[in-house]
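Participant: Quick one: the structure is below, questions incoming.
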Amino acid sequence: MTFLNYSLLGVFLLSASNTAFSDQRFSCNTSGLKNAEPFIENLIDRILTIGNIRQHYNVCSVAKYSNASAMIYQNKRIIAYDPVFLNRLSRRAGEPHWGKVTALAHEIGHHLQGHTDKLDDLQRLPKMKRLAIQRQYELEADQFAGKVLAHMGAALSSTQALIRTLKVHQNVTLSDHPNAKKRVIAVTRGWSIGCQQVGRDCNSKKYKGNRSQGVIVSPMGRKETPHYSRFMQQAENLKGVIVNRAYCNLYASLAVQQTTRSLQYQCGFNVDSYASPWSRAYSPQSDWCMKGSAHATSKEAKFRETKLASCVSRKQKKSNQQAIHSPLGRKATANYVNFMRQAKKLKGIRVNRNYCNLYASLAVQQTRRNQQHQCGFDIGDRANQWSPLWKAQANWCMTTRVAVTSNEAKFRETKLASCIR
């Protein structure tokens, strides 16, 4: 049986945001199929984050498939799509951004509402009853997609755009997809539910003005990215109003700082990839903001801050589990453990003078212990390794990477451990 025989609910839809990072959670672990582009993986991540969805998906790119679908194949939840088909359909709707979000959210909706789990039972039903149930499934997935788009800040017209381009079936009873008019009603119903959940007035183009009564708190807590709370407060004040350049400049500054922090913490987000929200380029961030709304931009800012909080939490947990010990045990050289902790924090970032001063002090102390215990390690067997000259050690540190300096410190401590009993 070919792969296409497993396709569930055929041609519909597609998904998006201005996001992109490559994530192993979404790798296509199915023989013969390609992994999705990082941009599509990030769209999936956005939808799952907003919906607090825990299901695992294999996201697969299938060339010349001319479709997008949800299915279960080899006991794996799969979202398959044809990139060319997805792009063409979204452009035809005039909403390349929201069109893709609509599509992917629709397919995720099939999985979440159990449609893919019922496929085998569905195939055993009489044809007309099976088609009627499939049409209902499509409407339920449309409604879920509409709710997702509202949460992401899409206007109602953008939410409806893709579905309005779909075929109006002349004889719906013989189709597994409902009439486009019914689908527009379903996605509109979902959008109305979603916009009420985020505090918008769904009967007008304006927001309700659901202002925060207290201080806005960053998901990062005390480690909040600078200007995050100030930006989010401005976003609240501008909801329902056209954004301006000053607001978007603040948004861009925050976005660049959040991206820089993602590199600092080595979170693994796909920085500076196509259409990525993790971009260090100030102007594209500001220009993107000018095309959006206060609601959409605040969602982007909160998404990044939440991801950073999750990353930092994982790093801290891992760090706590991996306590640093000296090879000398209780006889550790003074400041060895402190230095190694600093090295872990700075890993992947340029060294600074304070760090190198600490390195030099440790190196000198280790060299003195080498001489004190008459260990016999050659002073100068490698450049700067056993040098008692503080300034030379510090200057050498400034010319290299954190990983190299920490390896040097560990090398000396290990050598001392073999000498000092």
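Participant: If a residue counts only when it is closer than 23 Å to A161 by Cβ, hydroxyl-bearing (S, T, Y) and modelled with pLDDT of 85 or more, which strands (runs of 3 or more DSSP E) contained entirely in segment 43-90 have at least 1 such residues? Explain how you work it out, then say what you get.
Facilitator: Values: elements: 58-61, 68-73, 76-81.
Strands (runs of 3 or more DSSP E) meeting the threshold: 68-73, 76-81.
Here is a yes/no grid of residues against (1) more than 30 Å from R412 (Cβ to Cβ); (2) among the hydroxyl-bearing types (S, T, Y):
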{"residue": "S253", "(1), (2)": "yes, yes"}
{"residue": "S286", "(1), (2)": "yes, yes"}
{"residue": "T297", "(1), (2)": "yes, yes"}
{"residue": "K307", "(1), (2)": "yes, no"}
{"residue": "Q316", "(1), (2)": "no, no"}
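Participant: Residues that are modelled with pLDDT under 85, acidic (D, E) and either out of contact with any Cys (no Cβ under 6 Å at 6 or more places or on another chain) or in the same structural domain as Q316 (by TED's automatic domain parsing) (or both): does segment 194-207 have at least one?
Facilitator: Yes, because at least one residue in segment 194-207 is modelled with pLDDT under 85, acidic (D, E) and either out of contact with any Cys (no Cβ under 6 Å at 6 or more places or on another chain) or in the same structural domain as Q316 (by TED's automatic domain parsing) (or both).
Participant: Of the conditions (1) in contact (Cβ under 8 Å) with a residue 40 or more places away in the chain; (2) closer than 22 Å to L174 by Cβ, K129 clears all except one; give me its number.
Facilitator: K129 satisfies all of (1) in contact (Cβ under 8 Å) with a residue 40 or more places away in the chain; (2) closer than 22 Å to L174 by Cβ except (1).
Participant: Then there's this: Quick check on segment 87-101. Is at least one of its residues closer than 15 Å to L48 by Cα and in contact with a Leu (Cβ under 8 Å, 6 or more places away or on another chain)? Talk me through it step by step, then tell me what you get.
Facilitator: Of all residues in segment 87-101, those closer than 15 Å to L48 by Cα come to 100-101.
Right, trim to in contact with a Leu (Cβ under 8 Å, 6 or more places away or on another chain) and you get 100-101.
Yes - at least one qualifying residue is present in segment 87-101.
Participant: Output the number of residues of segment 77-122 satisfying the condition of being among the hydrophobic types (A, V, I, L, M, F, W, C) and surrounded by 24 or more Cβ atoms within 10 Å (Cβ to Cβ).
Facilitator: 11
Participant: Name the residue that is surrounded by the most Cβ atoms within 10 Å (Cβ to Cβ), counting only residues in segment 42-76 that are free of Cβ contacts under 8 Å to residues at least 40 places away in the same chain and under 19 Å from V148 (Cβ atoms). Let's see the steps before the verdict.
Facilitator: Residues of segment 42-76 that are free of Cβ contacts under 8 Å to residues at least 40 places away in the same chain, as a first pass: 45, 52, 54, 56, 58-61, 63-64, 75.
Those left that are additionally under 19 Å from V148 (Cβ atoms): 45, 52, 54, 56, 59.
Numbers: D45: 22, N52: 6, R54: 6, H56: 10, V59: 25.
Out of the qualifying residues, it is V59.
Participant: Under 22 Å from the mean Cα position of the chain (by Cα) and either assigned to a loop (DSSP other than H, G, I, E, B) or modelled with pLDDT of 85 or more (or both): which single residue out of S212, S262 fits that description?
Facilitator: After ruling out the rest, the residue left standing is S262.
Participant: Can you name every residue in segment 398-413 that is of a type outside the set (S, T, N, Q), under 19 Å from R369 (Cβ atoms) and out of contact with any Ser or Thr (no Cβ under 7 Å at 6 or more places or on another chain)? Walk me through how you get there before you give the answer.
Facilitator: Of segment 398-413, the ones of a type outside the set (S, T, N, Q) are 398, 401-404, 408-413.
From the residues that got through so far, the ones that are under 19 Å from R369 (Cβ atoms) too are 408-413.
The answer is E408, A409, K410, F411, R412.
The values are calculated or read from the model by the stated rules, or taken from the named source; none is laboratory data. The shown structure was predicted, so the numbers you read here are calculated from the model rather than taken from an experiment. Cβ atoms come from the backbone with ideal geometry, glycine included; neighbour counts cover every protein chain shown.
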